[in-house]
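Engineer: Here's a structure for you.
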Amino acid sequence: MRDYDFRKIEEKWRAQWVANKTYHVEEDEKKEKFYVLNMFPYPSGAGLHVGHPLGYIASDIYARFKRQQGYNVLNPMGYDSYGLPAEQYAIQTGQHPEKTTFQNIDRYREQLDKIGFCFDWDREVRTCAPGYYHWTQWAFQKMFNSYFDTSLGKAQPIDLLIARFESKGTEGITASCTDELSFTAEEWKAMSEQDKSQTLMNYRIAFLGETMVNWCPKLGTVLANDEVIDGVSERGGYPVEQKKMRQWCLRVSAYAQRLLDGLQTIEWSESIKETQKNWIGRSEGAEVQIKVADSDIDFTIFTTRADTMFGVTFFVLAPESELVARLTTEEQKEEVDKYLTYVKSRTERERMIDHTVTGVFSGSYGINPITGDKCPIYIAEYVLSGYGTGAIMAVPAHDSRDYAFARHFNLPIIPLVEGADVSEESYDAKEGIVMNSPMEGKTSFKGFSLNGLTVKEAIEATKKFVSENGLGRVKVNFRLRDAIFSRQRYWGEPFPVYYKQGIPCMIPEECLPVELPQVENFLPTESGEPPLGNAQLWAWDEANRKIVDKALIDEKTVFPIELFTMPGFAGSSAYYLRYMDPNNGKALVSEENANYWQNVDLYVGGSEHATGHLIYSRFWNKFLFDLGISKKEEPFQKLINQGMIQGRSNFVYRIKDTNTFVSLGLKDQYETTPIHVDVNIVKNDVLDVEAFKAWRPEYETAEFILEDDKYICGWAVEKMSKSMFNVVNPDMIVERYGADTLRLYEMFLGPVEQSKPWDTNGIDGCHRFLKKFWQLFWDKDGNLQVDASEPTADNMKSLHKLIKKVTADIEEFSYNTSISAFMVATNELTAQKCRSREVLEKMVALISPFAPHVAEELWEALGKDGSVCDAAWPEFDEKYLVESSVQLGVQFNGKVRFAMQFPADATPEEMVQMALSAPEAQKHLEGKQIVKTIAVPKRIVNIVVK
RNA sequence: GCCCAGAUGGUGGAAUUGGUAGACACGAGGGACUUAAAAUCCCUUGACCAUUGCGGUCGUACGGGUUCGAGUCCCGUUCCGGGCACCA
């Protein structure tokens, strides 16, 4: 008997793979490509826990499977290595973030190497490496130098737009912009350099904008919308306030429609597509011009319910709207100011939670363009400045928020749908027949009427009427905002930007990358500048002298360099392109390599990135696609979201005020407090009492009340965290059971996409299976028991059943059921005493993606050349599974009464006859009449009797 | 509030997509081997009734429905998870 010595086997093959460069990948035109990618990790100080490898193992199995099918598989790995934790650690300890980041990377690498992944480490990328962020800066510059042409639906060089301004001004331009501007060619030419720069910011895809941002005072930086959750920062949970600041932004909103449309072309889960759809938030409606009474001012409102124009009883402006100042009358000024002060005092969080009705009358009236009615204009915080036009028409009868407002301020409510009862609440449904539009005896603009139409018809009719009569236009609004792209931090990509008389200019492309300067202090400067302000000599730093030299080519003064850094998502937005050509110093990716690898075929990662990375990355890729750099409109063709691995905590129960611990089943007899206990000293919920005593000094003298001589621990599913003592790291599992067992077990735990608690309870089963699989190949004396014998029909049946199942399962990521199938097949072949080389070689090839180390060892033992990862994936042949007869349940009145054999090719009629003449059938037929018979070949026979 | 996904033994989870529910594994119980333990192997293991043998009834969150037949399809309810949220 040769033992399954996993330690020796795994160590040997780890070394061999490195020595032979087994997983090195080259572009190869002769082979079809397949690109598998994991979301690269942020190397945190805690190292990997068992949750991390889940996705890596799943994709590794897939990558190996595809390689065995003959594809040229790219399966790279790298590190998302800029980020806040390293910087905060630096602030606390003075350790440079680069130092801790590199230490963490080394630790990650060490842990990853133990699990047997087929990563091509020659392609590793780190977002904090100058050779990498060179291309992050480069892409930013491209965005700066581009605008989005709405008629072409793609990015164009900003120079085209400038040329256009030179000749025709803004007349007829089709460009995504922050504000609608209007000027002539003459006016453009007359502008100062500053004004021109300012104007172009309105169109650039990467632009400097004065916008409301999420400012987190505690973190000292602005945050993107997806980094703010329920009004507090995602990281740290600190309060976030709205502040108007000058920041770099990316015009993601220009791509909103394409981001939405693209979802239909990719294989992502419905739920994550839904999340993105919600985040993009397309709504189709109308913008309508409203004239202010006794004034020449007018303003625009946005509505999706154009049909309710006849029910408008007031208008509302967002408090931040610039119209507020213009529409507030003298008499109301004091009150309005009071209200604005109140609104300013409220944090984002308060505003989000507390929906009490507040507002103030501006003193002005707006004229309903259809009815001609004069309606008061209010200012209220329930209207948001950032969405639509920051002004609405209020229809209390059919909008719950307007309803609450109208009730509070005693404003009229006009119902517009037949049968709608608005005495208690508004009728928001878009259903029913329209009435009161106009009301009896009232007139309307050009006699326009909606009465008798359904709500849906009325919406369309009004949109048409409004745009045909110049009252407004049809408009699509998106909730997706432009991304705020600068952070007031140190540990991020520097901007390749310098300022010349206040005008932001791009540092010449040949001077990239602009390297992150060394600083001593990672906090903001005393004058409140970002941490990069501490790098006073930065501009003169040897590494950056070339920038200054070029930038100041004919100047003598030093121009300041941008002190902001880029946000976390900058480096992770195009990393999949860089893996295609990671060491290219001339381009992000060469034309040849981009054409060969195209895009990611399979992307594996957590769904928590749905509204962050996965949106930004798609946006970034679409931009690069417009430039012709990326070859596919969508970066990630198929996406699998691995579930989170939660922690499974164990508890011991201490009897109050004692040092005695009582086992789970007996704890109710005492007054106890549950205490978290390290899961690593608990096995199958049984506490290792000695290890517990040694765990903490205060437990050294602990006493135990046992049940069945065991101490049984309680358990609960919680987040995996150090404080709950439920962190299990993969090294410990590898040490005890081996990497192959870890791989198998993580997959056996359940479907990859499902969240589940980590629970070592079942791991022995997977380890046992590997032992059995190993024993299939060795006799009692430790010799290979494989011969050239002809496989039996049973051997082939077991094998091909397995091939069929595993091949189908891998494509569907149902790895847990394939492992079950392996267990069954192994037991069958063991029972059959299969020795056939033909069968056993295929078994090794099949298990190779799941347990590569043991597969390599057996492959070598079988005398095969090369690595098992190049072993051809076995072909499935139906002929071995064809049965001459099948056993089916025979049902009477839908209940299975007995089982019997049928010829596999029996017709339904024959099956019924056979079933009826079977001896077991007689007692069910006695004294009864046959009402109906149903037979489905290979499925079921059912006989209905009365 | 709106949208999405889900609920199956003591546990993790299967079920050819409408056809013998509970594969596989863990745990538990019993047995073999052993001085003993570990390891290994065999049997039992959804519940209830019967158990001398057959066997029978119920059972996939709950209540209805469609069907010869429903874990699977339809309607309603409850619960858990996720997303969006004064977005007009």
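Engineer: Do any residues in segment A:764-793 that are within 16 Å of A:ASN827 (Cβ to Cβ) and in a helix (DSSP H, G or I) have Cβ atoms under 7 Å from those of residues that are small (Gly, Ala, Ser) and away from RNA strand B (no atom under 14 Å from the Cβ), where the two are at least six apart or on different chains, and which pairs are they?
Structural biologist: A:LEU770/A:ALA851
Engineer: Let me ask another. Step by step: first the residues of segment A:247-291, then only those that are assigned to a strand (DSSP E or B) and more than 14 Å from RNA strand B (Cβ to nearest atom), then the one that is surrounded by the most Cβ atoms within 10 Å (Cβ to Cβ). Which residue is that?
Structural biologist: A:LEU250
Engineer: Of all the strands (runs of 3 or more DSSP E) wholly in segment A:339-450, which have at least 3 residues that are within 30 Å of A:ASP482 (Cα to Cα) and either within 16 Å of RNA strand B (Cβ to nearest atom) or in contact with a Phe, Trp or Tyr (Cβ under 8 Å, 6 or more places away or on another chain) (or both)?
Structural biologist: Counting at least 3 such residues, we get A:374-379, A:391-394.
Engineer: OK, next. Of everything in segment A:695-745, what is exposed (fewer than 15 other Cβ atoms within 10 Å of the Cβ), away from RNA strand B (no atom under 16 Å from the Cβ) and not in a strand (DSSP E or B)? Give them in sequence order.
Structural biologist: Selection gives A:ARG696, A:PRO697, A:GLU698, A:GLU700, A:THR701, A:LYS722, A:SER723, A:MET732, A:GLU735.
Engineer: If you don't mind, there's one more thing I want to ask. Working only within segment A:1-56, note down all residues that are within 30 Å of A:ARG648 (Cα to Cα), in contact with a helix residue (DSSP H, G or I) (Cβ under 7 Å, 6 or more places away or on another chain) and not in a loop (DSSP other than H, G, I, E, B).
Structural biologist: Residues satisfying the conditions are A:PHE6, A:GLU10, A:LEU37, A:ASN38, A:PRO53, A:LEU54.
Engineer: Given the structure, is A:GLY70 more than 30 Å from A:LEU523 (Cβ to Cβ), out of contact with any strand residue (DSSP E or B) (no Cβ under 9 Å at 6 or more places or on another chain) and surrounded by fewer than 20 Cβ atoms within 10 Å (Cβ to Cβ)?
Structural biologist: In short, yes.
Engineer: Additional query: Just to check your reading of the model, which residue among A:PHE725, A:PHE704, A:PHE692 is touching a strand residue (DSSP E or B) at 6+ places or on another chain (Cβ under 6 Å), farther than 22 Å from A:VAL854 by Cβ and either at pLDDT 85 or above or among the charged types (D, E, K, R) (or both)?
Structural biologist: A:PHE704
Engineer: Still on this structure, I have one more. Right, A:VAL228: within 24 Å of A:SER321 (Cβ to Cβ), among the β-branched types (Val, Ile, Thr) and within 14 Å of RNA strand B (Cβ to nearest atom) or not?
Structural biologist: Yes.
Engineer: Then there's this: Filtering segment A:119-148 down to residues that are under 23 Å from the mean Cα position of the chain (by Cα) and not in a helix (DSSP H, G or I), which residue is farthest from A:VAL497 (Cα to Cα)?
Structural biologist: In this case the residue turns out to be A:PHE119.
Engineer: So, one more: Give segment A:320-337 a look and list any residue that's assigned to a loop (DSSP other than H, G, I, E, B), more than 43 Å from the chain's Cα centre (by Cα) and surrounded by fewer than 17 Cβ atoms within 10 Å (Cβ to Cβ), or say none.
Structural biologist: Hits for segment A:320-337 are A:THR329, A:GLU330, A:GLU331.
Engineer: Still on this structure, I have one more. When you scan segment A:887-923, how many residues do you find that are of a type in the set (S, T, N, Q) and more than 14 Å from A:PRO937 (Cβ to Cβ)?
Structural biologist: Number of matching residues: 4.
Engineer: Please work out which residue is nearest to A:CYS249 (Cα to Cα), limiting yourself to segment A:164-185 and to residues that are crowded, with 17+ Cβ neighbours inside 10 Å and among the aliphatic types (A, V, I, L, M).
Structural biologist: Among those residues, the one meeting the criterion is A:ALA175.
Engineer: Contact list please: Cβ distance under 6 Å, first residue in segment A:18-29 and in contact (Cβ under 8 Å) with a residue 12 or more places away in the chain, second residue surrounded by 11 or more Cβ atoms within 10 Å (Cβ to Cβ) and assigned to a loop (DSSP other than H, G, I, E, B), pairs at least six apart or on different chains.
Structural biologist: Correct list of pairs: A:THR22/A:SER867; A:TYR23/A:CYS118; A:TYR23/A:ASP120; A:HIS24/A:ASP120; A:VAL25/A:ASP120.
Engineer: Does A:VAL896 fit the bill of being exposed (fewer than 14 other Cβ atoms within 10 Å of the Cβ), closer than 30 Å to A:GLU841 by Cα and out of contact with any helix residue (DSSP H, G or I) (no Cβ under 9 Å at 6 or more places or on another chain)?
Structural biologist: no
Engineer: Do any helices (runs of 4 or more DSSP H) lying entirely in segment A:552-634 carry at least 1 residues that are of a type in the set (D, E, K, R), and which ones are they?
Structural biologist: A:575-578, A:591-597, A:613-626
Engineer: Could you pull out the residue among A:ARG939, A:ARG837 that is over 30 Å from A:ARG14 (Cα atoms) and either within 46 Å of the chain's Cα centre (by Cα) or hydrophobic (A, V, I, L, M, F, W, C) (or both)?
Structural biologist: A:ARG939
Engineer: Across segment A:646-694, which residue is nearest to the chain's Cα centre (by Cα) among those that are in a strand (DSSP E or B), surrounded by 13 or more Cβ atoms within 10 Å (Cβ to Cβ) and hydroxyl-bearing (Ser, Thr, Tyr)?
Structural biologist: A:SER649
The values are calculated or read from the model by the stated rules, or taken from the named source; none is laboratory data. Bear in mind that the values here come from a model prediction, so they are computed numbers and not experimental data. Cβ atoms come from the backbone with ideal geometry, glycine included; neighbour counts cover every protein chain shown.
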